[in-house]
Structures are given as C-alpha cells and as structure tokens.
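For reference, the structure discussed in these notes is given below.
The values are calculated or read from the model by the stated rules, or taken from the named source; none is laboratory data. Every value quoted in this text rests on a predicted model; they were computed, and no experiment measured them. FYI the Cβ positions are ideal-geometry reconstructions off the backbone, even for glycines, and counts take in every protein chain you see. We work out accessible area using only protein heavy atoms, side chains counted, and drop any ligands, DNA or RNA first. Shrake-Rupley method; radii C 1.70, N 1.55, O 1.52, S 1.80 Å.
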Amino acid sequence: MSSETGKILTTDGIPLEESLKQSEKKNKIKAFLLVAPLLLFLIITYMIPIGDMFSRSIDDKMVTNMLPKTYKAMENWDGKELPPEEVFEAFYLDYKILVKNKTAGKLQTQLNYEKNGFKSVLKKLARKQKKFEEGNYKEQIMKVHKRWRNVEYWRAIKRRAPSYTYSKYLKGIDMYSNEDGKIVQVSEDRRIHRILWIRTVEVAFFVTLFCFLMAYPIAHLLATLPMKYSNLLMICVLLPFWTSLLVRTASWMILLQQQGIVNDFFVWIGLVADDNRPEMMYNKTGTYVAMTQILLPFMVLPLYSVMKTISPSLMRAGKSLGATPATAFFKVYFPLTIPGIGAGCLLVFILAIGYYITPALVGGASGTLISNQIAYHMKSTLDWSFASAMGLMLLTGVLVIYWIYNKLVGVDNIKLG
Amino acid sequence: MRKLSKLLLALTFAVSVSTSAFAVVVASWGGAYTESQKLGYGDPTSKALGVPIEWVDYSGGLSEIKAQIEAGAITWDIIDVFAYDTINGCDEGIFVEFDFDKDFPPAPDGTPASEDFFTDMPSKCAVGNILYSWNYAYNSDLLKSTPSTLKDFFNTSRFPGKRAIYKSALTNLEIALAADGVKMGKGGEFIYKKLEEPGYVDRAMNKIKALCEDPNGGCVFWSAGAQPPELLMSGEVVMATGWNGRFFNAAVGEGAPIVQVWDGQGLDYEYFALVKGGPNQEDAMKALAMMTSTEMLAGSAKYIAYAPWRKSSIAVMQAGEPWYKDGKTNMVPHMPTAPANLKRYFLVDAEYWADNGTELGEKWEAMKASIK
C-alpha cells in the first residue's frame, strides 16, 4: 500500500493537510499584514532611534580615524610624562591633513569634550602650523601654547584612541578611566551628575507620592458622586490639563513667590509678618507644588477609571459582615484599586523623571535635573554621544523601576480602565 | 488611480503653498525680538529683493539644524544664533564661511564692512545683527539709595534684598570677579586672563555663593529673558541682572520703576549664520547682505533697545531721533554702545566659553547644589 492512498484529499485533489496549512498560512499573513503597520511604526519610531542612540553613545571611530598616525605612535607611550618627539610629529602630520581638508573643527569639538580648553589651542595650532619648520616638532608645538606642555592634554587625546568606548557612561556617573586604565572619580568640584541623578529620582518620587495622596480622594469622589456633580468635577480636573504647561508654571510663580498672591493673603490675615514671608518658590517646594499640579490628571484618570468599575455593594457587604469602615476600606476597596494606583504611579513617575522646563523655572538653585543636562548637551555643546548615553541611562533606570514594579505587583495588574 | 493622482497633485500643491519653496527661511527667537527684525529689516529687504522672507521661531541651540542636516532635509537658510553657537557650528561645518568685505556692503561713507563692525567676529561664519547688554537693573521703589556700580550689586548691607542672576555661569563669573576688585581692562581682557589662572574661577564662584547665602541677600536664578523685569516689578528681588532690551521695554514701554545700571556691563552679540546647503542659499546670501547693511540694521532699533552691530548705523539713528517707534523717545542713549554706557564694560568672550563652558557648567552646578 503506498502512502498516497492513506491521505484524505479535498475535492480538488490536494491533500487536506496541505490545503489546511495553506489556508492557515494565508490567514497568518493576513493577520500579520494587519499588524504590520503598527510593527513598522514601532520599529521606525522606537527601536531604530534607541539603537541609534546606543551606537552613538559608544561609537568613537571618528577621532580614531582622524588621528591614525598619532595613535600608532602613542602605542608605546605610558602616559606618565610628556610624549616623545614621534608622537608630536605624528600629531602634527595628522592635524595638518585635517586642517587642509577643513575637518579640523570636528576634532577640536571632540577633543574639547574630553578636556576643556582644547578648542582654542587647536585653533591656534591650526593657524601656526603653516609656518612650522621641519624637525623638532615637540619644541614647535609646545611653543604655540603652554597647554601643550601639560601632559593632561596628551592623556586626553590618548583616551579617545579606541573605536568603541563606554567612557560617556562613566562620565554620566562622574567617573573616568585614567592613564593606568583604572576607573576613578573626576575631581571633586566637578562631581555633578550623581547629584543630579539623585535629585531627579527624588523629585520624581515625591511628586508621584504627592500626586497619589491628592488624586486618591479626588478619584474616589469622582467615582461615587452622582453624574451631574461628577461631570463638573471632571471638568475641573481636566481644565488645567488642557492649559499650556508654561502658563500653569508661570501662574504658580505669580501665586507662590515671596511677594506673590498667597503670601500677600497670609500677611493680610496676619498669619505671617510682612518682613518674614515664607519662601515657597525658587526652591524644591516650588518644584513639588508646580509639578504635582501639572501631573495630577495623569494620576486621577487611571484611578477614576478603575474605581468606577468597583461595585459599591462590595463595601456594603464587607460592612454587613462586621468590618469597620476602615477595615472594609483597606481589606476590600483598596486592594481593588491597586491596578489603577500602579498605572497612575508609573505614568506620573515616568513623566516626572523626564521633566525639565518646570523645575528650571520654579526650582531655583535646585532646579537643574538630569534632563536639563541632556538638553544642554543636545542643544549647546552638541555632544550628542554624551546626551545619548545619559538618555539611555535614564531609560534603563525607568526599565529597572518597571521591573521592580513587575516583581512586586505584577504588570498584568496595571489597568487604565 | 485618477483619484489618487488628483489627491497627490492637490497635496503637492498644498505643500508647496504652505512652505513656499522660494522663500528664504530665517529661524529666530520669536517674540518682540523677531518682530523687530521682521519690521526693521526683514520686510524692507523682502520688498527690495522681491524674495519672500519667512520667519520661524526656535528656542536656540544647534540641535535642530544638526538634525536637519543629518536627515538630509534642510529647511532653514539663516539662523539667528549666539556667539558660542557660531563657533561650534562653524567647526562642525554647519555654516558657510564669509569673506566679510566681499560678501557684505560697505558703510555709506565707503568704510569696508569689517571695519564697520563694533568688534571682530567670533568666527568666519558669523555676521552680527545686534549688540545687547548683560547689565543689571533695580526697582527704584524698593531701594532707599541709588546703586551705581557693579560693586553695589553685591553690597547687601547698603542694598538689602534678593538678587536675580542668570541660571548658568555665563557672565556671572565675569561680574563676580570685577565686583571683587579684579581690574576689567579694555573690553574685559584682564578678567578673561585671570579666569585662565588657577584659583580665579573658584574666587568668582565663592563670591556668587556668598551673595546667595547672605541673609541680607539671597538669589533667584532666572532662565527666561522675561523673568528679570517681572521679578523686579513684583518686588520679589530688588536687583536683577538681565538683558537691556527687556529692561528698556519694562521701563519705557510699560512705565515700570526700573532703572538700569550700565557700570561693568557685558556686551554680547547676536549673530546671523548662513546654513551650508540650505534650500535657497543664493537668495539667502543676498537677503543676509541687505539685512545687515547700515540702514536696515538701524531699522530694527526702532522697535527694540538693542544696538545695531555697525558703527555707521548709529549715525543714521542719531540723524533720525527720536528714533523709537513711539515717536518721542531718543534711542541712542539707550543703546549699550552709547559712550555714557561704555565707561566700564567687558565683551563676552565667546571663545573662552566655547573652550571652557562644559567644565565651568559642571563646577557652577556643583556650587549651586552646595548653597545653603
């Protein structure tokens, strides 16, 4: 008996198994085509930029390629004292080509990221090198500017030798790898990034906490009031949401500053003396107040949508079984709202951790957060690789928090409605 | 298919109308400043050349243009930038290098353009449009006596009350050193020499820190140009550093009790730069040359108290006083370049800041974080 005869055939003579496979395949393709635009969208707008950010943050081929002779000559230099004549000569030859090709500017910018003060001495060298005589380049280069006699600058060049580097990530936590290859801290008066990271997380944490404390009762009220009142209340919650962020920030400044409306009121009712007005603006208080108000709707809405689905009879049932109102609340109501709390807290925390305009305007001396630093390197210094590295560090931080949340509460417990 | 092609046609038409492919696109800061540029020289140039000039707002920095270049879709021809950005942009190859005397018209008396500038340009890619001042002002209703020097800004026993200062180190280090007794020298050259020496940056930072921690003083850090006059008017601070055009608007335009102090002012330029490979580079160059000519630049000073970068423009204003748009205010005395205001000043050294900005920024933030 041949195997052929054992197969069940469809009416057009194709084996059923194959025919089924075919139609399934068709359906699969159809299904895939339906989600393809979304997938493509995600890849183009999310995966590729993040991949690009990552490669930018570690890619250092440009400098490596600009100074090939220098890095070859530097291989035998231990970085302890000023490099020997060969290195100076190689650097002079490399740099001469860059000046000729008008790409020296890019090197100036890159080396200036590594060590400030490079830009002007390299520009000076670009002008002076045209009159250099052959031989004894060490002497001639060192004569151009006294910084060439400082070994720190040559170490900075050497640090840029590898094509790929994680130095930008180290810089993001105030570290660098020194001439012995050891990872050490930058000088004390320049350690700023760690302060900013801690400050950013602190601000985001407290804003989330305050948002939660304020939003919970509001959302509860919204969910339990009769429709005609709750609609009005909902508009009150949403109205600021529709107002520009800058307008709201500026309004808080007018309200809370020392000569502001709130303080005027306090003085008028005799709560504080006129010459002893409390400072509520241009410090952390200002940041917390303004950001909490701005982000409040993001907490209210998920909470509200979850609370709306909780039947009031559950609380009544708990109470009829002998629970006090407090017990019934904590044993019955509160656990049911956890999905909304999770969604709201994550939403507010993630938004808060990337905020920078509001803190910069109302935060005074403490108004600089890590995002300000990222924006500064994006816009002013154009050190996009450092900005990318810090951006990815921030993203990783958010993912870690998400992971912790998943471990503690479970992601499937998040509900937006 | 026909429907589709019609739709496409309509779309391309709509796109071409909305971006007007022939226009020269200038990115600037917006607000009253762009208004003064548009009314002062943008519109007249556009009329004279028959080339539409479109003004778009941006918030400074080079990230947008760099992104446009990397994406291969450049939409801006000219950008209004800080000195610092012209240096970085020139080094990165974003901007076109100028030959000043060839590319820009001479003054009416024949002086070549480069000699008509108030100072040298910070890079070959920059052509100045205005000179503005980082000076300070006080609220005359709140102070019993009148401050007149830079030292008075730091004198909290004679002038108690909070001060508003710029949020980053730029110009703050300079005024702190000058107020601490370091001689300025011509155009502030001594200050910058000293800042290169060890110890002087710390000295400047400590001076600021002392002011901020002083129970009679204290500081508010401002970040937007509109803040200093607003902080003064609300009484939040008694003195504030800021940009002279904003103080002028508050004092003359709105009649606020704000008085400017010019002693030790920091002169800074605002520049135009021409984007390499911009969509309309040829017309853009023509428009730029015309907009930065003597008459045209004087035009913008009708609307805002910033000085035109050409010396010859001042003469045009003098002959036309009262030059301010209200028809009764003489503009020349309000210019940062008026001789009475130039007794002691420093030119903000863009090269110094391009060189050291990042490190000083880190030190500055560390200092701010340590203020008690």
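With a Förster radius of 56 Å, plug the Cβ-Cβ distance of A:Tyr229 and B:Ala71 into 1/(1 + (r/R0)^6) and report the FRET value to the nearest 0.05.
Taking R0 as 56 Å, the efficiency between A:Tyr229 and B:Ala71 is 0.65.
With every protein chain present, what is the per residue accessible area of the protein assembly as shown (1.4 Å probe, Å²)? If you can, show how the numbers build up before the last one.
Details: 38220 Å² over 789 residues.
The answer is 48 Å² per residue.
Output the relative contact order of region A:1-151, whole-number percent, from Cα pairs under 8 angstrom with separation of 6+ residues.
Once divided by the residue count of region A:1-151, the mean separation gives 18 percent.
Rounded to the nearest 0.05, what FRET efficiency do A:Leu271 and A:Asn150 have when you use their Cβ-Cβ distance and R0 = 60 Å?
0.55
Suppose the chain between A:Glu133 and A:Lys331 were pulled fully straight at 0.36 nm per residue; how much longer would it get relative to their current alpha carbon spacing?
Full extension of this stretch gives 62.6 nm more.
Quick one: which residues, 5 or more positions from B:Asn216 or on another chain, have an amide H under 5 Å from its amide H? H modelled 1.01 Å from N in the peptide plane, none for Pro or chain starts.
none
Principal axis lengths of region A:3-54 from Cα atoms, whole Å, largest first?
Principal extents (Cα only, largest first): 60, 21, 8 Å.
Restrict the search to region B:172-221; then list the trypsin sites (Lys or Arg not before Pro) that DSSP places in a loop and that have at most 13 other Cβ atoms within 10 Å of their Cβ.
Loop-located and lightly packed - B:Lys183.
Under 17 Å from a label point 7 Å along Cα→Cβ of B:Ser234: give me every residue in region B:153-187 with its amide N that close.
The answer is B:162-167, whose backbone nitrogens lie closer than 17 Å to the label point.
Quantify how strongly other chains surround peptide A:150-156 by giving the mean number of their Cβ atoms within 10 Å of each of its Cβ atoms. List each step's numbers first, then the result.
Values: counts 0, 0, 0, 0, 0, 0, 0.
Per residue, the number of nearby Cβ atoms from other chains is 0 on average.
Given Cα pairs under 8 Å that are at least 6 residues apart, what percent is the relative contact order of chain A?
Numbers: 438 pairs, mean separation 72.4, N = 417.
Relative CO of chain A lands at 17 percent.
As an exercise, find the ratio Rg/Rh for the protein assembly as shown from alpha-carbon atoms, using the Kirkwood inverse-distance average for Rh.
Ratio value, two decimals: 1.03.
Taking the alpha-carbon distance from A:Lys308 and a cut-off under 20 Å, which aspartates and glutamates remain once sequence neighbours fewer than 8 residues away in the same chain are dropped?
Once the sequence-local aspartates and glutamates are set aside, what remains near A:Lys308 is A:Asp412.
Please identify, among A:Gly391, A:Gly340, A:Gly105, the residue showing maximal mean-square fluctuation in a Gaussian network model of chain A using a 10 angstrom Cα cutoff.
Among A:Gly391, A:Gly340, A:Gly105, the largest GNM mean-square fluctuation belongs to A:Gly105.
Rounded to whole Å, give me the distance from the Cα center of region B:308-372 to that of region A:371-416.
If we compute the Cα centre of each part, the gap is 39 Å.
When the Cα centres of region B:88-103 and region A:328-358 are compared, how far apart do they sit, in Å?
So the separation of the two Cα centres works out to 52 Å.
For region B:142-197 and region A:255-291, write down the distance between their C-alpha centroids in whole Å.
Taking the Cα centre of each part, region B:142-197 and region A:255-291 sit 29 Å apart.
If you roll a 1.4 angstrom probe over the protein chains with everything in place, what fraction of the accessible area of chain A belongs to carbon and sulfur, to the nearest %?
In chain A, the share of accessible area belonging to carbon and sulfur is 65 percent.
Residues of region B:232-272 with the amide nitrogen closer than 17 Å to a label point 7 Å from the Cα of B:Asn216, along Cα-to-Cβ, please.
Residues passing the 17 Å test: B:238-239.
How big is the B-A contact in terms of buried accessible area, both chains counted, 1.4 Å probe, rounded to the nearest 100 Å²?
3700
For an R0 of 41 angstrom, estimate the FRET efficiency from the Cβ-Cβ distance between B:Glu196 and B:Glu282 and round to the nearest 0.05.
0.45
Here is the link list: A:Lys69/A:Lys115; A:Lys143/B:Lys311; A:Lys123/B:Lys38; A:Lys115/B:Lys183; A:Lys379/B:Lys47. Which ones come out longer than 27 Å on Cα distance?
A:Lys143/B:Lys311; A:Lys123/B:Lys38; A:Lys115/B:Lys183; A:Lys379/B:Lys47
Which ³J(HN,Hα) values in Hz, rounded to whole numbers, follow from the phi angles of region A:128-139 under the Karplus curve 6.51 cos²θ - 1.76 cosθ + 1.60, where θ = phi - 60° and Gly and Pro get x?
Karplus-based 3J(HN,Hα) across region A:128-139 equals 7, 5, 4, 9, 5, 9, 5, x, 6, 6, 4, 4 Hz.
Under 17 Å between alpha carbons, and skipping anything fewer than 8 positions from B:Lys372 in its own chain: which lysines qualify?
The qualifying lysines are A:Lys284, B:Lys162, B:Lys167, B:Lys207, B:Lys209, B:Lys363.
Evaluate the distance, in nm, between pseudo-label points positioned 7 Å from the Cα of A:Ile8 and of A:Leu221 along their respective Cα→Cβ axes.
Each label point is offset 7 Å from its Cα along the Cβ direction, giving 6.6 nm.
Residue by residue through region A:255-271, which ³J(HN,Hα) values in whole Hz follow from phi under the Karplus form 6.51 cos²θ - 1.76 cosθ + 1.60 (θ = phi - 60°), with glycine and proline marked x?
5, 9, 5, 4, 9, x, 5, 5, 5, 4, 5, 4, 5, 4, 7, x, 6
Give me the distance in nm between label points sitting 7 Å out from Cα along the Cα-to-Cβ direction at A:Asp78 and A:Phe205, one decimal.
Result for the modelled spin labels: 4.6 nm.
Relative contact order for region A:193-413: what is it in percent, counting Cα pairs under 8 Å that are at least 6 residues apart?
27 percent.
For a quick check, take a GNM of chain A with Cα springs below 10 Å and name the residue from A:Trp268, A:Trp403, A:Trp384 with the largest mean-square fluctuation.
A:Trp268
Take chain A, connect every pair of alpha-carbon atoms lying under 10 Å apart with a spring to form a Gaussian network, then pick out the residue of A:Lys100, A:Lys72, A:Lys158 with the largest mean-square fluctuation.
A:Lys100
Take every DSSP beta bridge with both residues inside the protein assembly as shown and express the antiparallel ones as a percent of the total, to the nearest 5.
The antiparallel fraction comes to roughly 65 percent.
Average partner chain C-beta neighbours within 10 Å, per residue of A:380-387?
Numbers: counts 14, 8, 10, 1, 4, 0, 1, 1.
Whole-number average of other-chain Cβ neighbours for A:380-387 is 5.
At 7 Å along the Cα-to-beta-carbon direction for both A:Gln22 and A:Lys106, put a label point, then send me their distance in nm to one decimal.
Once both label points are built, they end up 5.5 nm from each other.
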